[in-house]
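The values are calculated or read from the model by the stated rules, or taken from the named source; none is laboratory data. No experiment lies behind these values; they were computed from the predicted model shown. Neighbour counts are summed over all protein chains in view; Cβ atoms, including those assigned to glycine, are modelled from backbone coordinates with ideal geometry.
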Amino acid sequence: MYRYDNYDRQMLQDRIAQFRDQTRRFLCGELESTQFLPLRLQNGLYIQRLAPMLRVAIPYGCLSSRQLRKLAHIARHYDKGYAHFSTRQNIQFNWPQLAEVPDILAELAEVEMHAIQTSGNCIRNTTTDQFAGVSPVEIEDSRPWCEIIRQWSTFHPEFAHLPRKFKIAVCGTEHDQAATQVHDIGLYIHKNDQGETGFQVLVGGGLGRTPVIGQVIRDFLPWQHLLTYLDAILRIYNQEGRRDNKYKARIKILVKETGIAVFRDKVEAEWLFSKDGPATLTREEVDRCKKFFTDPAYENLDDQDAAAANQLDTDVLFANWMERNVKTHKRAGYRIVTLCLKATGSAPGDLSAEQMDFVADLSDRFSFNELRVTHEQNLVLTDVRLKDLPELFRALKSESLATPYTGLLNDIISCPGGDYCSLANAKSIPIAEAIQRRFDDFDRLKNIGDITLNISGCMNACGHHHVGNIGILGVDKKGEEFYQVALGGSSDRDAAIGKILGPSFAQDEIPDVIETIINVYLNQREPGEKFLTTYNRIGIDPFKERVYAKAD
Amino acid sequence: MPRLIDTSGTELVNEWVKLEKDSDLVTALACTADKLLVPLELWQNHEEDLRKSGKEIGVWLDSDQQAAAIAADLERLKLVALNFPGFTDGRSYSTANNLRRHYHYTGEIRAIGDVLRDQLFYMRRCGFSTFDLKDTVKLEEARTALGDFKDSYQSTIEQPAPLFRRRLQP
């Protein structure tokens, strides 16, 4: 993991002092609320329906056990004893007191954490694949590049007041678990024929009101030029992005209106001014960052274990968990374990302070004191010995963290929705729960197989509904909460925006609608076909007919 | 009373009289001040007359006007002012940057408009040299704000070497 040096620490301390003073000026009336608003947003602080919400950055999803214990402490001491993992690998506290936020930031700084640029019209937390560094199918570890981007984007003086928020994702694995193509800038790590590292650069992707898949602006950007090229894209966007209409201010609209070819020309022309200049990355800097992400002290192990194999044969719950939540590791004798935070009856992505402490202990015992946060709102222990799996499973079960739902229908991505968020048109959490209750049988879920179901409580699409195989969007219909359903979305390498099925549904109709959709798939699928494959083959009509036939 | 400071926080006497956006040539020539800060449109339409007036001329750009518009004139301009219609309109940061980097402008770049204390550090980093503070800003606080951060990661106009090039040095 990256460790701060004196420079990083000093900048964080400077920021806390700055925000403490801004908060003081606001509370004593020296700073108007319209002036305080963008300042507090750039420190992750929203004013929500019931209380302020503080969003803390988990840079590219990497978290140490020490940091997680600090988050647990903050949840207990400053909040109501729990917190929520978001779809951008951040964590949100829903009940802090405004006056206490500077103290929370000071506590976070003790463990090298912060809430910098987790909100507001600036460059947000850079995200990546949660299996970076341990995946057996990896082109290159994305984390050093993410850290380089984190430093470049932190307090970037030129880009603190962009037309709108700006999100960057980096992916170095074959399967894209970072939703890279629906980011303002998406970076796929590539190697050229000489084995040199570079990036395929996508621009103009995004969700929200107008979902767009990013377009390739450069097929291969040699690594040395990463930051100067990012600067060039941002500089064009900062000057030319629309500022007259909040809903048309994202870079995706600029790229669409300009056309990718013209936009590319502008960026490349701008780039010439800084290309090979002082911001060009050096081998020394990349090596320095890579040193923070070397392998832990792996043992030389066999890739089989008698006790684990035995339990696999005799314990069906263990076998289910192994099948869904445990993935192959690049190293023999190790496994990647996902802790699915989607137990029925608890809000997707929520974790109590006790569970946080518990998971922190597990990562100390089983996974080199580190863990990852996923954009699917789950946690990952990246380096567990195969022979430790039975013991880890027992421990997880005791805290309801062994739910074997990873990648199944009940592994629902959901925003906090109308229960918390003042932007939401409708609730999300009860919808997720109603669906989970309807499908609360592992064999049935397993039979349905790999599928994603994403729920957002409003157009802003924090729940990534556009890219769920099944997407659900809360809408407001004359003051009542309704839900629009879309099919066929994907956030993997084959990224696609879902297609709306038809008129929206009342809350209590949703479990039936989802069941009908699933039944159409089960009836029509060919052997081995996943939901998305069947959908892409048969199209939306068979689903439409069945779902709306029922209503007549 | 608006105040003008430089990057060190020193208060300066503002000798320039700023003309509003729709000002015409007659108003400009009738002005008794020796130093006139004129809007881009006036400069573009009456450059010849303005130069013949014997006054010193500076040009100010609004946030939707780019550095390229005055690129050819920069050698003759002692002052370019960049407007912030609202402090959340961040376009002028890039304009300042472009004036310095694209056109190697070495004269004064002044921040005008909604110039508040919490943006001063970033403005300074982007190449602004003077700040025409909004009258609600306390002078002492503005001075503090110019030094809100002791260092920064990026390559900027003020410090072209990014931290990663300096960090390696003992």
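Annotations for the structure displayed:
- Looking only at residues in region A:99-122 that are β-branched (Val, Ile, Thr) and part of a loop (DSSP other than H, G, I, E, B), the one that is farthest from the chain's Cα centre (by Cα) is A:111.
- Residue within region A:528-536 that is at pLDDT 95 or above, touching a strand residue (DSSP E or B) at 6+ places or on another chain (Cβ under 8 Å), in a strand (DSSP E or B) and not aliphatic (A, V, I, L, M) present: no
- Subset of region A:83-121 that is more than 19 Å from residue A:37 (Cβ to Cβ) and of a type in the set (Gly, Ala, Ser) - its residue that is farthest from the other protein chains (Cβ to nearest Cβ): A:83
- All positions within region B:66-81 that are at the interface with chain A (Cβ under 10 Å from one of its Cβ atoms) and among the small types (Gly, Ala, Ser): B:67
- Residue ID - farthest from residue B:37 (Cα to Cα), chosen from residues in region B:58-79 that are in a strand (DSSP E or B) and touching a Phe, Trp or Tyr at 6+ places or on another chain (Cβ under 7 Å): B:79
- Restricting attention to region A:537-551, the residues that are assigned to a helix (DSSP H, G or I), of a type outside the set (D, E, K, R), surrounded by fewer than 14 Cβ atoms within 10 Å (Cβ to Cβ) and modelled with pLDDT of 95 or more add up to 0.
- Elements of type helices (runs of 4 or more DSSP H) in region B:82-159, at least 3 residues being out of contact with any Pro (no Cβ under 9 Å at 6 or more places or on another chain) and at the interface with chain A (Cβ under 8 Å from one of its Cβ atoms): B:91-101
- Residue A:490 being at pLDDT 95 or above, touching a Gly at 6+ places or on another chain (Cβ under 9 Å) and farther than 19 Å from residue A:434 by Cβ: yes
- Failed item, numbered, when residue A:88 is tested on (1) assigned to a strand (DSSP E or B); (2) closer than 23 Å to residue A:417 by Cα: (1)
- Boolean, residue A:486 is farther than 19 Å from residue A:324 by Cβ, assigned to a loop (DSSP other than H, G, I, E, B) and touching a Leu at 6+ places or on another chain (Cβ under 8 Å): no
- Annotation: of all residues in region A:183-201 being in contact with a Lys or Arg (Cβ under 9 Å, 6 or more places away or on another chain) and not small (Gly, Ala, Ser), the one that is nearest to residue A:493 (Cα to Cα) is A:188.
- Residue check for residue B:90: among the small types (Gly, Ala, Ser) and surrounded by fewer than 24 Cβ atoms within 10 Å (Cβ to Cβ): no
- Per the conditions (1) within 20 Å of residue A:463 (Cα to Cα); (2) in a helix (DSSP H, G or I), the sole criterion not satisfied by residue A:422 is (2).
- Out of A:390, A:404, one residue alone is closer than 23 Å to residue A:62 by Cα and either crowded, with 24+ Cβ neighbours inside 10 Å or in contact with a helix residue (DSSP H, G or I) (Cβ under 7 Å, 6 or more places away or on another chain) (or both). It is A:404.
- Counting the residues of region A:9-58 that are within 12 Å of chain B (Cβ to nearest Cβ), over 21 Å from residue A:165 (Cβ atoms) and under 24 Å from the mean Cα position of the chain (by Cα) gives 1.
- Considering region A:263-293, and only residues there that are closer than 29 Å to residue A:204 by Cβ, part of a helix (DSSP H, G or I) and among the basic types (Lys, Arg), the residue that is farthest from the other protein chains (Cβ to nearest Cβ) turns out to be A:264.
- Just one of the listed residues (A:480, A:515) is of a type in the set (D, E, K, R) and without any contact (Cβ under 8 Å) to a residue 60 or more places away in the chain, namely A:480.
- The single condition among (1) more than 23 Å from residue A:425 (Cα to Cα); (2) surrounded by 14 or more Cβ atoms within 10 Å (Cβ to Cβ) that residue A:32 does not meet is (2).
- Test: residue in region A:103-122 that is free of Cβ contacts under 8 Å to residues at least 40 places away in the same chain and either closer than 23 Å to residue A:67 by Cα or touching a Phe, Trp or Tyr at 6+ places or on another chain (Cβ under 8 Å) (or both): yes
- Annotation: residue A:167 fulfils all but one of (1) touching a Gly at 6+ places or on another chain (Cβ under 8 Å); (2) crowded, with 23+ Cβ neighbours inside 10 Å; (3) within 30 Å of residue B:150 (Cβ to Cβ); the unmet one is (2).
For (1) small (Gly, Ala, Ser); (2) outside the structural domain of residue A:69 (by TED's automatic domain parsing); (3) under 30 Å from residue A:126 (Cβ atoms); (4) part of a helix (DSSP H, G or I), each residue gets a yes or a no:
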{"site": "A:321", "(1), (2), (3), (4)": "no, yes, no, yes"}
{"site": "A:342", "(1), (2), (3), (4)": "no, yes, yes, no"}
{"site": "A:345", "(1), (2), (3), (4)": "yes, yes, no, no"}
{"site": "A:355", "(1), (2), (3), (4)": "no, yes, yes, yes"}
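- When A:472, A:510 are checked against the criterion of being out of contact with any Ser or Thr (no Cβ under 9 Å at 6 or more places or on another chain) and either of a type in the set (A, V, I, L, M) or part of a strand (DSSP E or B) (or both), a single residue qualifies: A:510.
- Answer residue from region A:219-270, given it is touching a residue at least 40 places away in the same chain (Cβ under 8 Å) and of a type in the set (Phe, Trp, Tyr) and is surrounded by the most Cβ atoms within 10 Å (Cβ to Cβ) among those: A:237
- Just one of the numbered conditions (1) closer than 30 Å to residue A:443 by Cα; (2) free of Cβ contacts under 8 Å to residues at least 60 places away in the same chain is not true of residue A:352: (2).
- Residue within region A:384-396 that is in contact (Cβ under 8 Å) with a residue 40 or more places away in the chain and either assigned to a loop (DSSP other than H, G, I, E, B) or polar (S, T, N, Q) (or both) present: no
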